[in-house]
1. Give just the number: which of (1) in the same structural domain as Met15 (by TED's automatic domain parsing); (2) under 18 Å from Val12 (Cβ atoms) does Val42 not satisfy?
2. Could you tell me which numbered condition Gly136 fails, if it satisfies all but one of (1) among the small types (Gly, Ala, Ser); (2) exposed (fewer than 14 other Cβ atoms within 10 Å of the Cβ); (3) within 27 Å of Ser20 (Cβ to Cβ)?
3. Could you check how many residues of the stretch 47-66 are in a loop (DSSP other than H, G, I, E, B) and either over 21 Å from the mean Cα position of the chain (by Cα) or buried (at least 16 other Cβ atoms within 10 Å of the Cβ) (or both)?
4. Go through the stretch 67-146 and tell me which strands (runs of 3 or more DSSP E), entirely inside it, have 2 or more residues that are in contact with a strand residue (DSSP E or B) (Cβ under 9 Å, 6 or more places away or on another chain) and free of Cβ contacts under 8 Å to residues at least 40 places away in the same chain.
5. Specify which of the listed residues (Ala79, Ala114, Ala101) is within 23 Å of Arg139 (Cα to Cα), of a type in the set (A, V, I, L, M, F, W, C) and surrounded by 13 or more Cβ atoms within 10 Å (Cβ to Cβ).
6. Looking at the stretch 10-29, I want the residues that are farther than 22 Å from Asp82 by Cα and have a partner that is in a helix (DSSP H, G or I) with Cβ atoms under 6 Å, at least 6 apart or on another chain. Which pairs are those?
7. So Leu46 passes all but one of these: (1) modelled with pLDDT under 90; (2) of a type in the set (A, V, I, L, M, F, W, C); (3) under 27 Å from Ser129 (Cα atoms); (4) touching a strand residue (DSSP E or B) at 6+ places or on another chain (Cβ under 9 Å). Which condition number does it fail?
Amino acid sequence: MEQRISLITLGVEDMERAASFYEGLGWARTDSPDGVIAFDMVGQTLGLYPKSGLAAELGIDESSIGGFSGVALAHNVRAKEDVAKVLAKVEALGGKILKPAQDVFWGGHHGYFADLDGHVFEVAHNPFSPLRDGDGAFRWNGYGAP
């Protein structure tokens, strides 16, 4: 298996409601087959799929899906002040702020939110891992000075 994640699929209760949340953050849908809403990102795609359909595909009871899964997706930003800006936009769109923007012991700045279906995201500025100019790609040790 190659060292990459190609697609992140989030099981959601209401497809259009979830899509509107991400569109409100400035993301654009890409063409996809019926029953899937997709947002292409740098290097991978975020897919929204009915939670009940995902449970059926996995062969598990839908009621067993829920609560904190122990997974947090992360969105890194270019500047410290961008963390609070993103969290404010999330809150205006109905997302829940789990941890407000704040400095972190390791020298960065971050906060956490849950989207409309409870999926947890970290929004972070890591001064030690600058994003790649142009497309904003992230790499653990950065792409050099922005």
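1. Every condition holds for Val42 apart from (2).
2. Of everything listed in (1) among the small types (Gly, Ala, Ser); (2) exposed (fewer than 14 other Cβ atoms within 10 Å of the Cβ); (3) within 27 Å of Ser20 (Cβ to Cβ), Gly136 misses just condition (2).
3. 3
4. Fully inside the stretch 67-146 and qualifying: 96-103, 109-114.
5. None of the others qualify; the one that does is Ala101.
6. Here the result reads Gly11/Lys51; Gly11/Leu54; Val12/Ala18; Val12/Lys51; Glu13/Lys51, each pair linking the stretch 10-29 to a residue that is in a helix (DSSP H, G or I).
7. (1)
The values are calculated or read from the model by the stated rules, or taken from the named source; none is laboratory data. Since this is a predicted model, take the numbers as computed values, not measurements. Heads up, the Cβs are rebuilt from the backbone with ideal geometry, glycines too, and the neighbour counts pull from every protein chain shown.
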